[in-house]
Amino acid sequence: MSLSYDDTQRLRDLYKVCVESQHQMLGYPVATDYDYRDLWSFFQFSINNVGDWAEPSNYPMNTFEFEQDAVEYFCRLYHTTLDEAWGYVTNGGTEGNMYGCYLARERFPSGMVYFSQETHYSVMKIVRFLNIDYQVVASDSRGEMDYDALECLLKENIDKSPIIFANIGTTMLGAIDDLQQIQRRLEKVGFDREQYYIHADAACHGMIVPYLDNPPMFSFKHGIDSISVSGHKMLGSPIPCGMVLALKKHTDKLSHQIEYIAAPDKTLSGSRNGLTPLFLWKFIRSTSEQSKKQRVADCLQLAQEVVIKLNQHGISAWRHDNSPIVVFPKPSEQLWRKYHLAVAKNTAHIIIAGQTTANPNRLHQVLDELIEEHRTLTTEKCAGEPVMA
């Protein structure tokens, strides 16, 4: 079978868009500086990681051994072991967050989820889907959870076990919630460690913070019960993917033997993408720990250079110390649409990823236009001329 001329042309048009856009989406967390050509041969197979990788199913075309390698590596990153924790490769951060909330609900069926107003929009969908009570906690001006507000809400719901949804890098501002502060407030209100659950959403920053010399405390040794991280954001993958890890004392309760596949399953989706574990595995195995650290350092250094340059030209840009997200006032719609910048309310951001450090030409072009637009608006305002909204 072959496609018609018109359908073939549609694919060519799509390919052109992809080629032109691949390295240009500065507003979104996606790394594109990868090379997985040595894995292309596997695209001809129906690879399905159905069930638990630790106990292979009756379906032989899987990548369980590679998935196990990836899980073990992420365990080391977040200070746990395969003896203490279990996880699997997801289709992205949202699935990982849902899995963490699902585990928490099974642990505390009448619990209350607390998440800040800067939390990713998918969490509202998750709590509604899982039918869990929730409270939205206020955030400060830089996106971090307001711990006084959290404490007040905990007191108001003292009869409900807390399920804390902590951000390790918020979507727009890159803020990291302080696990120590959260735990202090829980203890102050009167909850002991067996009475609450902490899930960490580390979608983007989960592949940044572990490679810092003095990382903020956010791992299993610091008290989390589960964590979700994306694979396509700072690592890079042609297919969205992620990793979720949780303590075995939570995940083991979900395991059920499935006769159809002759194996147990404790994942959300059952059938899972068998290719994405190969991408994570390839990245892990083909780069040294020093090169991973350098990759992160380069991104953070360039992000700081962007902040300095914008500030020098009168644009109020800033970023959190451990974040590649540069925040600044929302520019004109023409400009943010042209360069695919992410915007929310009066704020916009640029995210520095591996491809940007390797080739910053597009970034410099965006900065030049941001600066020129700001200069023009400032000149018009000083001259008393009408300023376009």
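No lab work stands behind these numbers, since they all come straight from the coordinates. Predicted model only: the values in this text are computed from it and were never measured. Heads up, the Cβs are rebuilt from the backbone with ideal geometry, glycines too, and the neighbour counts pull from every protein chain shown.
In this structure, the pairs whose alpha-carbon distance is over 25 Å, taken from K221/K253; K16/K233; K292/K345; K266/K292, are K292/K345; K266/K292. Taking the alpha carbon gyration tensor of the chain, multiplying each eigenvalue by 5 and rooting it gives semi-axes of 36, 30, 19 Å, largest first.
For Cα pairs less than 8 Å apart in space and 6+ apart in sequence, what is the mean separation divided by the residue count of segment 37-286, i.e. the relative contact order in percent?
On the way: 465 pairs, mean separation 74.3, N = 250.
Computed over segment 37-286, the figure is 30 percent.
Dipole magnitude for segment 330-376: about 160 debye, using +1 per Lys or Arg Cβ and -1 per Asp or Glu Cβ, origin at the Cα centre.
Quick one: Y260, Y73, Y339, Y5, fewest Cβ neighbours within 10 Å first, how do they rank? Please report the intermediate quantities before stating the final value.
Numbers: Y260 12, Y73 15, Y339 20, Y5 8.
Ranking Y260, Y73, Y339, Y5 by Cβ neighbours within 10 Å, fewest first, gives Y5, Y260, Y73, Y339.
Checking the a/c ratio against 1.5 first, then a/b against b/c, what shape does the Cα gyration tensor give for segment 182-268?
It is oblate, given that a/c is not under 1.5 and a/b is not larger than b/c.
Based on the mean of other Cβ atoms within 10 Å per residue, sort peptides 161-169, 209-217 so the most packed one is first.
Numbers: 161-169: 25.2, 209-217: 15.1.
For the peptides 161-169, 209-217, the packing ranking is 161-169, 209-217.
Can you compute the charge dipole magnitude of segment 257-350 about its Cα centre, using +1 on each Lys and Arg Cβ and -1 on each Asp and Glu Cβ, nothing else charged? Give it in debye, rounded to the nearest 20.
In debye, rounded to 20, segment 257-350 gives about 200.
Looking at the square roots a ≥ b ≥ c of the eigenvalues of the Cα gyration tensor of segment 230-325, which shape do they give, rounded for a/c under 1.5, prolate if a/b is larger than b/c, or oblate? Could you put the intermediate results ahead of the total?
Working: a/c = 3.21, a/b = 2.46, b/c = 1.30.
Prolate.
Beta bridges from DSSP with both residues in the chain: antiparallel share about 60 percent, rounded to the nearest 5.
Ranking V307, P240, I198 by Cα position along the charge dipole of the chain, where only Lys, Arg, Asp and Glu carry charges on their C-beta atoms, puts V307 farthest toward the positive end. In plain terms, the bigger the Kirkwood radius, the slower the diffusion; for segment 97-151, with that radius from Cα pairs, at 25 °C and 0.890 mPa s, Stokes-Einstein puts D at 210 µm²/s. The string of couplings for segment 355-368 from the Karplus curve (6.51, -1.76, 1.60, θ = phi - 60°) is 5, 6, 5, 6, 9, x, 4, 5, 4, 4, 5, 4, 4, 4 Hz, one whole number per residue in order, with x for Gly and Pro. Anisotropy class assigned to segment 310-378 is rounded, per the alpha carbon gyration tensor with a/c under the 1.5 cut-off.
In a fully extended conformation the segment linking N359 and R337 would gain 5.8 nm over its present Cα-Cα distance, using 0.36 nm per residue. Here the label points at K155 and S286, each 7 Å from Cα along the C-beta direction, are separated by 5.5 nm in the simple model. Candidates L173, L370, N49 compared by Cα position along the dipole of the chain: farthest toward the positive end lies L370, with charges placed on Cβ. 3J(HN,Hα) couplings calculated from phi for segment 278-287 with the Karplus curve 6.51 cos²θ - 1.76 cosθ + 1.60 (θ = phi - 60°) are, in sequence order, 5, 5, 4, 4, 4, 4, 4, 7, 9, 10 Hz; Gly and Pro show x.
Would you work out the charge dipole size for segment 109-176 about its Cα centre, treating the Cβ of every Lys and Arg as +1 and the Cβ of every Asp and Glu as -1, and quote it to the nearest 20 debye?
On the way: 5 positive and 9 negative charges, 66 e Å.
Computed about the Cα centre, the dipole is about 320 debye.
Shown in residue order for segment 300-313 are the 3J(HN,Hα) couplings computed by the Karplus curve 6.51 cos²θ - 1.76 cosθ + 1.60 at θ = phi - 60°: 5, 5, 5, 4, 5, 5, 5, 4, 4, 5, 5, 4, 4, 9 Hz (x for Gly and Pro).
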